[in-house]
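Q: Quick one: this structure, given as structure tokens, is what I'll be asking you about.
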Amino acid sequence: MAASVASPLCTWLVAACMSVSCEKDRAARSSAGRWARRRTAVAARGGIGMEGRDSTGSLISAFCGSGIQGLMSSLEPCPEFYRSRNASPFFGENGFLLIRRSKAEANRRQRMWARPSVASGKSLAVAVEPAKPVAEKKILNAKQRRVAVTGMGVVTPLGHDPDVFYNNLLDGVSGISEIEAFDCANYPTRIAGEIKSFSTDGWVAPKLSKRMDKFMLYLLTAGKRALADGGVTEEVLSQLDKTRCGVLIGSAMGGMKVFNDAIEALRVSYKKMNPFCVPFATTNMGSAMLAMDLGWMGPNYSISTACATSNFCILNAANHIIRGEANMMLCGGSDAAIIPIGLGGFVACRALSQRNDDPAKASRPWDVDRDGFVMGEGAGVLLLEDLEHAKKRGATIYAEFLGGSFTCDAYHMTEPHPEGAGIILCIEKALSEYGIAREDVNYVNAHATSTPAGDLKEYQALSRCFGQNPELRVNSTKSMIGHLLGASGAVEAVATIQAIRTGLVHPNINLENPDKNVDTSILVGSKKEHLNVKVALSNSFGFGGHNSSILFGPYK
């Protein structure tokens, strides 16, 4: 009985003391608030200097210094609290803050918090008062904000300019060739969508270019190309509110070359290791470096969901804009895994085509002779922008982002669900949640990697969802550039947007002997076709059962 009374009492005392501490720090918080507003104004003019960083430190200490940290370091619950929980001070046996209570205890605690506190006056009431008006305002804003695509950047085996890249696709040019970056004579697969010519001149500082992994160099270059394509000059950049500009570019594999080199150096001595090997190998650092370069202080992180990475990043970036958390977002994906360990790893899991004698015909989605996917490398980045923000600065609007969805097969690490359940659910959720009629979708840029099971399951899902639409046209960009892993969704999103802009959809090359289970009436043939795209769907699926579908349409 004593223990059950002591525990909530100790909790109440801790809360009361914290409220007293918050009262003492009220003046400091008020001052910090004034500085935060001034800091936002400075950031909007282009950055924060050393003085700003010093003051930022003061802001942090005003909230977490003598008030909360001092309290946490000097105050501990009574011994009865530990005995009742059989745990160490403040933290449980697993290192988590102790917050578990029975339902009765939780109810008693709620009643205690509802009572006025002698020690803290109105502080407790303020601490637990829900901010309903703010939440309602966010919901209203979310309904009003539309997302425009105002810039595109690519680094691909078929070119590093969106127009050059798409013109090559329209002409049916293959970017698949023999690997030249390293000797792979002893590998059963010796072909890939390898980038033969690439320069960071004018985009990345030479010192960084020598140290960074290629996935980061591709990412930075594609990101800055997207900004340039979107008309974001130095002058425009200096006028942006950088606290409302973010970067969300992911990678499936990260800095594999940097990490592999570090392992080789470690065989000699840790002293031989690149001091940047850890940060330059992580999947988030490319996105972070681009944000640092631009001074963008809004949402910044990366997502890694294997080959669905780019779509996850694009949809989440769009949601930041829809929710009013950002005005502009650079988003997409980048990968550079054509190195011995990358090639060897995919060979080991028997995923790659071995058509070495005819590389240009190796990637053949939906063809009966397909024997696995062809690795590719590169990056794709979209500049997404709040529609009103884009119109105000006079930006060219290429297309409108209409929505998307994620699901999980929850079935197998590498194989799709045998009934395509996760894919169907993903497509239908994307349509229903954003109020798009299935008959309005008349173009699909499919994931279709040229694998026996994957191509067929996606086709069956598309047929089930859109089979009644006689206008539907489906193609696979991978037939010409291979599978760019985590970058594939973003590069294919660029191809999708280009189809909307030009009214032309690129061919499916190498579809010479279609699988008997595929009706070619919905597949684009061996030549480009004219199509007035109403709504376009772009699919990406990844190892682990990750499914993603995103929707674009012409701006109206």
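Q: Convert each backbone phi in the range 513-522 into a coupling constant with the Karplus relation 6.51 cos²θ - 1.76 cosθ + 1.60 (shift: θ = phi - 60°), then list the ³J(HN,Hα) values in order as whole Hz, x for Gly and Pro.
A: Result, ordered by residue: 9, x, 4, 5, 8, 10, 8, 6, 5, 9 Hz.
Q: Can you send over the carbon and sulfur percentage of the accessible area for the range 217-261, probe radius 1.4 Å, protein chains only? Walk me through the intermediate numbers first.
A: Values: 800 of 1560 Å².
On the range 217-261, the fraction of accessible area on carbon and sulfur atoms equals 51 percent.
Q: Let me ask something additional. Classify the range 145-279 from the C-alpha gyration tensor, please: rounded if a/c falls under 1.5, else prolate or oblate depending on whether a/b exceeds b/c.
A: Values: a/c = 2.48, a/b = 1.27, b/c = 1.95.
Oblate.
Q: Taking 8 Å as the Cα distance limit and 6 or more residues as the minimum spacing, I'd like the relative contact order of the range 422-556 as a percentage.
A: Numbers: 207 pairs, mean separation 42.6, N = 135.
With pairs under 8 Å counted, the relative contact order is 32 percent.
Q: Sticking with this one: Which FRET efficiency value, to the nearest 0.05, do you get for SER521 and THR396 by plugging their Cβ-Cβ distance into 1/(1 + (r/R0)^6) with R0 = 51 Å? List each step's numbers first, then the result.
A: Values: r = 35 Å, r/R0 = 0.69.
Efficiency, from the Cβ-Cβ distance: 0.90.
Q: Sticking with this one: Taking the Cβ of ALA399 as the centre, find all other residues whose Cβ is under 11 Å away and add up their charges (Lys, Arg: +1; Asp, Glu: -1). Could the numbers behind the result be given before it?
A: Numbers: positive: ARG501, LYS556; negative: GLU400.
Charge balance near ALA399 sits at +1.
Q: Among the GluC sites (Glu not before Pro) within the range 411-458, which fall in a DSSP loop and have no more than 15 other Cβ atoms within 10 Å of their own Cβ? Mind dumping the intermediate values first?
A: Working: sites: GLU419, GLU428, GLU433, GLU439, GLU458; in loops: GLU419.
Sparse-neighbourhood loop GluC sites (Glu not before Pro): GLU419.
Q: Right, here's the next one. To one decimal place, what Kirkwood hydrodynamic radius in Å is obtained for the range 218-286 from all pairs of distinct Cα atoms?
A: Details: mean 1/r = 0.0691 Å⁻¹.
Its Kirkwood hydrodynamic radius stands at 14.5 Å.
Q: Work out Dmax and Rg for the range 244-324 from the C-alpha atoms and quote the Rg first, both in angstrom.
A: In order Rg, Dmax, the Cα atoms of the range 244-324 give 15.3, 51 Å.
Q: Just to be sure I follow the rule: in the range 162-264, considering lysines 8 or more places apart or on different chains, how many pairs have Cα atoms under 22 Å apart?
A: Close lysine pairs found across the range 162-264: 12.
Q: Provide ASP161, ASP519 ordered by accessible surface of protein heavy atoms (probe 1.4 Å), highest first. Working shown, then result.
A: Values: ASP161 60, ASP519 85 Å².
Order by accessible area, largest first: ASP519, ASP161.
Q: Could you quote the convex hull projected area for the range 424-538, Cα atoms only and averaged over all directions, in nm²? Don't skip to the answer; put the middle values down first.
A: Values: hull surface 27.6 nm².
Projected over every direction and averaged, the Cα hull of the range 424-538 covers 6.9 nm².
Q: Compute the accessible area per residue over the range 338-473, keeping the other protein chains in place, probe 1.4 Å, unit Å². Walk me through the intermediate numbers first.
A: Working: 5490 Å² over 136 residues.
Per-residue value: 40 Å².
Q: What percent of all Cα-Cα pairs in the range 363-402 falls into each 10 Å bin, going from 0 up to the bin containing the maximum distance?
A: Per 10 Å bin, starting at 0, the Cα pair percentages come out as 21, 27, 19, 20, 12, 1.
Q: To the nearest 20 debye, what charge dipole does the range 221-310 have about its Cα centre, counting +1 at the Cβ of each Lys and Arg and -1 at the Cβ of each Asp and Glu? If you can, show how the numbers build up before the last one.
A: Details: 8 positive and 7 negative charges, 78 e Å.
That gives a dipole near 380 debye.
Q: For GLY151, which sequence-distant residues (separation of 5 or more, or a different chain) have an amide H within less than 5 Å of its own amide H, given hydrogens modelled in the peptide plane?
A: Amide H neighbours of GLY151: LEU383.
Q: Here's a follow-up. If you place +1 on the Cβ of every Lys and Arg, -1 on the Cβ of every Asp and Glu, and leave all else neutral, what size is the dipole of the range 407-534 about its Cα centre, to the nearest 20 Debye?
A: Values: 11 positive and 15 negative charges, 74 e Å.
It comes to approximately 360 debye.
The values are calculated or read from the model by the stated rules, or taken from the named source; none is laboratory data. Source: prediction; values computed, not measured. All Cβ positions, glycine included, derive from the backbone under ideal geometry; neighbour counts span all protein chains shown. Note: areas computed on protein heavy atoms with side chains; ligands, DNA, RNA excluded. Shrake-Rupley method; radii C 1.70, N 1.55, O 1.52, S 1.80 Å.
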